[in-house]
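Asker: Supplied in structure tokens, the structure appears directly below.
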């Protein structure tokens, strides 16, 4: 992958990680209502989902660039 595309991808990923979205709102609500220990399964599910989406996004970029 050319350097420009790598930099663009890393910038996008960095912004996507720190931008508030539905997962942050869901975790805040779950943590408030169920407390920390009962909210951990929600956190783990959201983390897994984000990892899968990121991997699929990276794979699609690789397949498009080819």
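Asker: From the list 44, 56, 40, pick out the single residue that is modelled with pLDDT of 90 or more, closer than 29 Å to residue 8 by Cβ, out of contact with any helix residue (DSSP H, G or I) (no Cβ under 7 Å at 6 or more places or on another chain) and in a helix (DSSP H, G or I).
Answerer: Testing whether each residue is modelled with pLDDT of 90 or more, closer than 29 Å to residue 8 by Cβ, out of contact with any helix residue (DSSP H, G or I) (no Cβ under 7 Å at 6 or more places or on another chain) and in a helix (DSSP H, G or I) leaves just 56.
Asker: Follow-up. Return the pair list, or none, for Cβ contacts closer than 8 Å from residues in region 45-66 that are under 25 Å from residue 2 (Cβ atoms) to residues that are assigned to a helix (DSSP H, G or I), at least 6 apart or on different chains.
Answerer: Short answer, once both residue conditions are applied: 54/13; 58/9; 61/5; 61/9; 65/5.
Asker: For residue 39, all conditions in the list (1) surrounded by 11 or more Cβ atoms within 10 Å (Cβ to Cβ); (2) at positive phi hold save one; what is the number of the exception?
Answerer: Condition (2) is where residue 39 drops out.
Asker: Does residue 22 satisfy the condition of being modelled with pLDDT of 90 or more and either out of contact with any strand residue (DSSP E or B) (no Cβ under 7 Å at 6 or more places or on another chain) or exposed (fewer than 11 other Cβ atoms within 10 Å of the Cβ) (or both)?
Answerer: Criteria not met by residue 22.
Asker: Pairs under 9 Å by beta carbon, first residue touching a residue at least 12 places away in the same chain (Cβ under 8 Å) in region 4-21, partner surrounded by fewer than 10 Cβ atoms within 10 Å (Cβ to Cβ) and assigned to a helix (DSSP H, G or I), six or more apart or different chains?
Answerer: Listed pairs, sorted by first residue: 5/65.
The values are calculated or read from the model by the stated rules, or taken from the named source; none is laboratory data. Keep in mind that what you see is a predicted model, and the values were worked out from it rather than measured. Backbone-built Cβ (ideal geometry, glycine too); neighbour counts: all protein chains shown.
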